[in-house]
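Inspection log for the structure reproduced underneath, given as structure tokens.
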Amino acid sequence: MQEGWKAFCEKIIQDGMNMEDAKKEAAAGLDCYGVYPDSINLLKGCFFFMAKDGTEKKLVILVSQPSAEAGELVEGFKGDTFTIHGSTVKVSSLNHENAVALRKWFPYTAPIPFGKCGTSMGLGDRLGLASPGHLRLIRKSRVRPVLAQQSIRELNLTCRTYEDVLDAASWAVFQEGYRLGFGADGDHLKNEDEIKMALSLGFTMITLDCSEKINNAVPGMSDDEVEKQYGSLKMEYRNRIEENYLGREFSAGDIKISFEKEDLKKIALIYGKAIDFISYIYHDVIKPAGKSVDFEVSIDETQTPTTPQAHFFVASELEKMKVGVTSMAPRFCGEFQKGVDYIGDIEQFEKEFKVHASIADHFGYRLSIHSGSDKFRVYPIIGKYTKGRVHVKTAGTNWLEALKVIAFKRPELFREIYNFALEHFDEAKKYYHVTTNLNLVPDISGMSDEDLPGVLSQNDARQVLHITYGLILTAKKDDGFLFRDEIYATIAKYEEDYYKSLEEHIGKHINLLQENIG
């Protein structure tokens with residue numbers, strides 16, 4: 001394909017093309033040139049575009065109008081320099097150094113915060129290959145994309161870095177010519193150092209995971225234990241919250257909320273340290289960074305669902321502390337397990353979700369739904385009660401769509417991955433809560449190649465493949481990785497199939513959400 005981008009450069013030079021003509025030529029000769037038409041830009045007399053170079057993608061810079069400015073621009077990117085018909089051409093790898101330069105010269109490839117209004121979706125991409133497919137879908141909707149979304153746990157499991165995650169998003173945005181803005185979420189960060197790292201790299205959303213500051217032992221305490229623990233809190237604090245919350249009725253839209261003393265004691269014990277932690281991170285870490293970011297508070301890592309009183313209390317206390325919360329993730333009733341639809345009483349979910357949405361509206365932030373991929377039963381309810389003022393996180397389902405493509409195109413590779421996942425399932429369960437029944441997982445040994453993609457429609461198999469992604473991607477053999485390189489090469493070869501699969505699957509999420517916005 002190298003000859004493809006060279007031939008494209010020759011055509012631009014010989015015909016003296018402008019940018020629009022170059023885009024038309026690239027689109028007409030897509031198979032010949034291997035150039036992504038929407039990536040074509042003209043800046044300071046230089047054409048920039050992305051092209052396939054074998055199984056790799058490259059950034060190509062063609063200097064059509066030499067000048068000192070053009071020279072300075074080209075020098076900002078590292079790569080190999082050629083001369084074609086007397087014109088300078090630089091071919092650069094899609095590495096971190098060049099991604100930094102890309103974000104400098106093409107600001108639309110740098111992430112932005114989205115604020116407290118509208119619908120956004122976290123589209124975590126464990127392979128770093130899915131974002132172009134996401135963007136092709138997103139640009140047809142009213143949803144704003146948070147393309148870069150990974151937790152430290154996911155990075156550790158896939159041997160990637162936050163630089164990798166953000167760079168993959170920037171290159172995807174450039175490839176697809178998407179100029180409407182995207183977000184970058186430092187997801188489930190738990191400490192000051194992690195947050196500072198994400199901010200320094202340019203991430204525009206911080207999701208603070210408060211799980212280590214939430215006291216999950218409280219719901220199991222006896223009344224005497226609760227009384228003892230509550231009595232150990234500072235008297236000034238106890239007096240203040242009792243004065244602020246007891247004997248009063250609060251309104252959140254048409255929802256009325258009041259506090260019983262015993263409930264208030266438990267709430268203070270469960271969330272008190274978390275609230276102080278949130279305030280510290282906001283005032284002492286995020287604000288001093290001097291950057292505009294979306295600040296999401298995650299209180300969903302509890303043993304029991306977040307009650308309306310608990311949600312209201314946390315939000316009210318943070319408001320008193322002048323913490324600028326953009327979105328909050330409560331723990332909803334039922335289960336949001338990986339790779340499968342919502343498990344639980346849907347009527348109860350709707351009843352409680354309506355209250356949470358009213359509380360979020362009252363305090364002026366968006367609700368956030370974690371592990372939102374494949375939870376099709378709840379999407380109509382989410383759209384109805386948030387009226388589109390919501391953030392929904394998805395991630396692992398994009399990995400499953402990649403495996404679906406592999407099942408179609410490389411059935412022998414899929415069989416190896418599937419068997420490996422089953423062998424290592426118990427190890428992966430250390431990181432995720434699932435209720436997978438291995439007795440129901442399909443036996444593919446006698447299954448035809450044509451039937452393999454259907455395995456990804458079976459819930460237990462989906463969960464097995466979903467949570468073993470890290471073990472699959474990092475498994476080693478004597479001369480390298482067992483699966484990783486083949487997975488990447490396969491998706492690179494069949495990228496259009498992958499994009500179409502993502503458009504269909506994620507599109508189902510978006511359609512259900514948007515169709516039901518009240």
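The values are calculated or read from the model by the stated rules, or taken from the named source; none is laboratory data. A quick note: this is a predicted structure, and the numbers were derived from the prediction, not measured. Glycine gets a Cβ as well: all are built from the backbone with ideal geometry, and neighbour counts include every protein chain shown.
Of all residues in the stretch 201-218, which are part of a helix (DSSP H, G or I) and either without any contact (Cβ under 8 Å) to a residue 60 or more places away in the chain or not assigned by TED's automatic domain parsing to the domain that holds D300 (or both)?
First pass over the stretch 201-218, keeping only residues part of a helix (DSSP H, G or I): 201, 211-213, 218.
Correct list: L201, E212, V218.
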If we scan the stretch 219-237, do we find a residue that is crowded, with 16+ Cβ neighbours inside 10 Å, without any contact (Cβ under 8 Å) to a residue 40 or more places away in the chain and in a helix (DSSP H, G or I)?
yes
How many residues are in contact with a Gly (Cβ under 7 Å, 6 or more places away or on another chain), crowded, with 19+ Cβ neighbours inside 10 Å and among the charged types (D, E, K, R) if we restrict to the stretch 336-381?
2
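Which residue is nearest to G124 (Cα to Cα), if the candidates are limited to the stretch 337-348 and must be assigned to a loop (DSSP other than H, G, I, E, B) and touching a strand residue (DSSP E or B) at 6+ places or on another chain (Cβ under 7 Å)? Give the derivation first.
Initially, the stretch 337-348 is screened for residues assigned to a loop (DSSP other than H, G, I, E, B), giving 337-342, 344-345.
Subset that is touching a strand residue (DSSP E or B) at 6+ places or on another chain (Cβ under 7 Å): 337, 344.
On the way: Q337: 16, G344: 25 Å.
By that ranking, first place goes to Q337.
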Take the conditions under 17 Å from A395 (Cβ atoms) and of a type in the set (F, W, Y) and apply them to Y488. Does it pass?
no
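Let me confirm something: among D460, D449, which residue is in contact with a helix residue (DSSP H, G or I) (Cβ under 8 Å, 6 or more places away or on another chain) and within 16 Å of T397 (Cα to Cα)?
Values: D449 fails: within 16 Å of T397 (Cα to Cα).
Selected residue: D460, the only one of D460, D449 that is in contact with a helix residue (DSSP H, G or I) (Cβ under 8 Å, 6 or more places away or on another chain) and within 16 Å of T397 (Cα to Cα).
Please indicate, with yes or no, whether at least one residue in the stretch 349-366 is assigned to a loop (DSSP other than H, G, I, E, B), in the same structural domain as T306 (by TED's automatic domain parsing) and within 24 Å of the chain's Cα centre (by Cα).
Filtering the stretch 349-366 for residues assigned to a loop (DSSP other than H, G, I, E, B) gives 364-365.
Add one more test, that the residue is in the same structural domain as T306 (by TED's automatic domain parsing), and what stays is 364-365.
If we keep only those that are within 24 Å of the chain's Cα centre (by Cα) too, we end up with 364-365.
Among the residues of the stretch 349-366, at least one is assigned to a loop (DSSP other than H, G, I, E, B), in the same structural domain as T306 (by TED's automatic domain parsing) and within 24 Å of the chain's Cα centre (by Cα), which makes the answer yes.
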Give the residue, chosen from V74, V60, that is in contact (Cβ under 8 Å) with a residue 40 or more places away in the chain, out of contact with any Pro (no Cβ under 8 Å at 6 or more places or on another chain) and over 30 Å from A329 (Cα atoms).
V60
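Within the stretch 447-479, how many residues are outside any helix (DSSP H, G or I), at pLDDT 95 or above and not hydrophobic (A, V, I, L, M, F, W, C)? Before the answer, list the steps.
If we filter the stretch 447-479 for residues that are outside any helix (DSSP H, G or I), which is where we start, we get 447-448, 458, 468, 475-479.
With at pLDDT 95 or above added as a condition, the list becomes 447-448, 458, 468, 475-476.
Restricting the remaining residues to those that are not hydrophobic (A, V, I, L, M, F, W, C) gives 448, 458, 468, 476.
Residues that pass the stated criteria total 4.
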List the strands (runs of 3 or more DSSP E) that sit entirely inside the stretch 1-101 and contain at least 3 residues that are within 32 Å of the chain's Cα centre (by Cα) and either modelled with pLDDT of 95 or more or assigned by TED's automatic domain parsing to the domain that holds F174 (or both).
41-43, 46-53, 56-63, 87-93
Given the conditions (1) in contact with a strand residue (DSSP E or B) (Cβ under 8 Å, 6 or more places away or on another chain); (2) basic (K, R); (3) within 30 Å of Y494 (Cα to Cα), every one holds for R366 apart from (3)
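Taking the stretch 428-443 on its own, how many of its residues are in contact with a helix residue (DSSP H, G or I) (Cβ under 6 Å, 6 or more places away or on another chain) and outside any helix (DSSP H, G or I)? If you could, list the steps in order and put the result at the bottom.
Within the stretch 428-443, the subset in contact with a helix residue (DSSP H, G or I) (Cβ under 6 Å, 6 or more places away or on another chain) is 428, 432, 434, 436-437, 440-442.
Filter again for outside any helix (DSSP H, G or I), leaving 432, 434, 436-437, 441-442.
Residues that pass the stated criteria total 6.
Just checking, how many residues over the stretch 382-393 are assigned to a loop (DSSP other than H, G, I, E, B) and either surrounded by 18 or more Cβ atoms within 10 Å (Cβ to Cβ) or within 20 Å of the chain's Cα centre (by Cα) (or both)? Quick ask: steps written out before the conclusion?
Going through the stretch 382-393, the residues assigned to a loop (DSSP other than H, G, I, E, B) turn out to be 387-389.
Of the ones still in play, those that are also either surrounded by 18 or more Cβ atoms within 10 Å (Cβ to Cβ) or within 20 Å of the chain's Cα centre (by Cα) (or both) are 388-389.
Of the residues in that region, 2 qualify.
If you go through the stretch 394-427 one residue at a time, how many are more than 15 Å from L438 (Cβ to Cβ), in a helix (DSSP H, G or I) and not hydrophobic (A, V, I, L, M, F, W, C)?
Keep residues of the stretch 394-427 that are more than 15 Å from L438 (Cβ to Cβ), which gives 394-417.
Retained after the next criterion (residues that are in a helix (DSSP H, G or I)): 396-409, 411-417.
From what's left, not hydrophobic (A, V, I, L, M, F, W, C): 396-398, 401, 404, 409, 411-412, 415-416.
Number of matching residues: 10.
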Test result for S170, of a type outside the set (A, V, I, L, M), surrounded by 22 or more Cβ atoms within 10 Å (Cβ to Cβ) and closer than 13 Å to N398 by Cβ
no
Which of the residues that make up the stretch 306-336 are under 16 Å from H370 (Cα atoms), in contact with a helix residue (DSSP H, G or I) (Cβ under 7 Å, 6 or more places away or on another chain) and assigned to a loop (DSSP other than H, G, I, E, B)?
P330, F332, C333, G334
